[in-house]
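First comes the structure, then the notes that go with it.
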Amino acid sequence: MDNHEKEPIFSAKNLKLLTEPFGNNNPITVQVLGICSALAVTVKLKPAIVMALSVTIVTAVSNLVIAAIRQYIPDRIRIIVQLVVIATMVILVDQFLKAFVFDVSKQLSVFVGLIITNCILMGRLEAFAMANKPWPSFLDGIGNGAGYGMILVIVSFFRELLGSGTIYGFPVFEKLGIYHTGYENNGMVILPPMALIFVGLIIWFQRSRNKSLIEK
Amino acid sequence: MRHFSNRYIFIFSAAMVIAVATLLSLAATLLQPAQERNLEIEKKKNMLESINVPATRENTEELYDKYITESFVLNSKGEPVTGVDAFTVVLKNEQKKPLEEQFLPVFRAVPADGEKVIIIPVEGKGLWGPIYGYVSLKSDMNTIYGVNFDHKGETPGLGAEINTTAFESQFYGKKLFDNDSFISVQVIKGGAPNNDIHGVDAISGGTITSKGLQKMIFDCLQKYNGYLLKNRI
């Protein structure tokens with residue numbers, strides 16, 4: 001994880017930071033971080049997508065800021081400093097959403113504020129940004145935010161489809177006329193525990209494809 | 001890891017807090033006009049939706065001026081109060097006052113079909129936080145013409161469904177009074193019978209929000225009883 005020598009902006013190592021969180025180092029399915037919000041915002045696709053974007057922005061910028069000042073942060077108060085940076089970013093994002101995309105901000109309501117408590121953010125700051133240069137940290141933030149977002153989108157796609165019969169608010173099942181065959185929306189999928197089951201299925205699928213991820 | 005003195009830590013924390021505070025207050029001040037304008041448009045839009053006028057953010061102001069004709073404030077006895085702008089009354093603050101001192105805002109509107117309706121704002125508690133909305137009544141002061149509900153943070157897919165058209169459209173044509181007694185509208189778990197003029201279907205999985213909504217409509221409209229009964233047809 002050392003980046004002491006000069007290297008191109010998109011070197012193989014840097015690209016790996018960006019792509020790894022989508023696969024073998026996914027924050028949700030492999031690091032098992034950020035599960036809490038994955039349960040809360042995945043009932044519908046739209047809030048999940050906005051949440052994914054917000055988390056990506058916050059992770060990337062906080063990583064950048066912390067990495068830039070990492071040598072000046074006193075070790076003893078580093079967690080507090082990290083939290084202050086995250087909280088500031090989240091409040092800024094929330095204020096901007098309220099001012100410029102009011103509808104979306106209404107959709108997400110309390111969940112934007114809850115980004116502060118998302119373990120992925122603290123996890124990345126503590127594990128990566130405190131020990132790396134700003135640019136790789138920024139990429140790491142984008143990668144992890146997007147990797148988290150990917151799972152959110154997959155889970156919310158299935159939960160919205162099976163639970164409400166819609167995709168992004170569009171009533172697919174109704175248009176296909178599936179309800180005439182006696183099919184009914186599964187109310188259980190809307191409840192939070194089912195998100196865990198979907199995440200579990202994704203984890204199962206991923207580990208069955210890549211045996212090296214299986215913990216001993 | 002480098003060693004930092006206590007003095008350095010104090011100075012670092014102080015500088016950090018001052019920098020962050022400046023940044024945040026700057027952002028809050030600069031964005032405040034845009035945010036307040038959003039809230040005002042939102043309020044007007046919700047009011048229009050309660051009289052079944054679909055509005056977008058762009059044409060809200062125009063439609064509001066076109067359809068909402070008058071607004072006034074009543075006291076709990078149903079008498080008009082002068083010198084208060086109904087649009088700026090914050091219901092949440094009113095509800096903290098004793099009933100005799102509360103301002104009760106009313107808006108008059110004439111939608112495209114020529115019906116003379118009144119719009120009454122309502123506010124109550126859901127599962128996680130406040131729920132609020134507007135109920136519009138036909139000129140008989142008894143039949144519901146339309147409703148619009150919204151919430152701060154109800155569970156998406158469950159309690160949050162109160163702001164969907166499917167739920168709101170159920171209220172059309174429901175009656176508040178049975179002869180002279182105030183019944184309000186009941187939210188019935190498991191579904192209301194088709195001929196029930198005082199009942200609508202609750203939201204499955206959103207029981208507490210549904211109950212809160214029922215209580216909100218009852219509590220808020222009850223205060224207008226004096227006015228409604230006096231002006232009934």
What residues qualify as long-range amide H neighbours of B:ASN59, i.e. H under 5 Å apart, gap of 5 or more or another chain, H built at 1.01 Å from N? none
Candidate span helices, chain B: DSSP H, at least 24 Å along axis from Cα coords, Kyte-Doolittle average at least -0.5, result B:6-50
Given the pairs B:LYS43/B:LYS211; B:LYS97/B:LYS223; B:LYS125/B:LYS211, which are separated by over 18 angstrom at their Cα positions? B:LYS43/B:LYS211
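Taking every pair of alpha-carbon atoms in the protein assembly as shown, give the share separated by more than 36 Å as a whole percent.
Working: 41528 of 100576 pairs.
Roughly 41 percent, rounded to a whole number.
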So how far apart, in nm, are the two label points at B:THR69 and A:TYR168 if each is 7 Å from Cα heading toward Cβ? 4.3
I want to check the label-to-label distance for B:LEU229 and B:THR165. Put each point 7 Å from Cα in the C-beta direction and report it in nm to one decimal. 3.8
Phi-derived 3J(HN,Hα) across region A:30-41 with the Karplus relation (6.51, -1.76, 1.60, θ = phi - 60°), rounded Hz, x for Gly and Pro, is 9, 7, 6, 10, x, 4, 3, 6, 5, 6, 7, 9
Model label zone, B:ARG37; criterion: amide N under 16 Å from point 7 Å along Cα-to-beta-carbon; scope region B:46-82: B:57-62
Among A:TYR72, B:TYR64, which comes first, second and so on when ranked by fewest other beta-carbon atoms within 10 Å? A:TYR72, B:TYR64
I need the phi-derived Karplus couplings for region B:137-144: 6.51 cos²θ - 1.76 cosθ + 1.60, θ = phi - 60°, integer Hz, Gly and Pro marked x. 10, 5, 5, 7, 6, 9, 8, 6
Whole-Hz Karplus couplings 3J(HN,Hα) for region A:103-108, θ = phi - 60° and coefficients 6.51, -1.76, 1.60, Gly and Pro as x, run 4, 5, 4, 5, 4, 7
Which of B:ALA28, B:GLY173, B:ILE118, positive extreme of dipole for chain B (C-beta unit charges): B:ALA28
Apply 1/(1 + (r/R0)^6) to the Cβ-Cβ distance of B:LYS97 and B:SER181, taking R0 = 22 Å, and write down the FRET efficiency to the nearest 0.05. 0.25
For chain A: relative contact order, % (alpha-carbon pairs under 8 angstrom, 6 or more apart): 34
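Pulled fully out, how much extra length does the chain show between A:ILE69 and A:ASN186, if you take 0.36 nm times their separation in residues and subtract their Cα-Cα distance?
Full extension of this stretch gives 37.2 nm more.
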Expressed in nanometres to one decimal, the distance between label points 7 Å along Cα→Cβ at B:ALA27 and B:ILE208 is 3.1
At a Cα cut-off below 22 Å, give the lysines reachable from A:LYS44, other chains included and same-chain residues fewer than 8 away excluded. A:LYS98, A:LYS106, A:LYS175, B:LYS152
For A:TRP204, put the label point 7 Å out on the Cα→Cβ axis and report which residues of region A:159-190 keep their amide N under 14 Å from it. none
Percent RCO, i.e. relative contact order, over chain B, from Cα pairs under 8 Å lying at least 6 residues apart: 16
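Values in this text are rule-based calculations from the coordinates and carry no lab data. All values derive from a computational prediction rather than experimental measurement. Cβ: placed from backbone, ideal geometry, glycine included. Neighbour counts: every protein chain shown.
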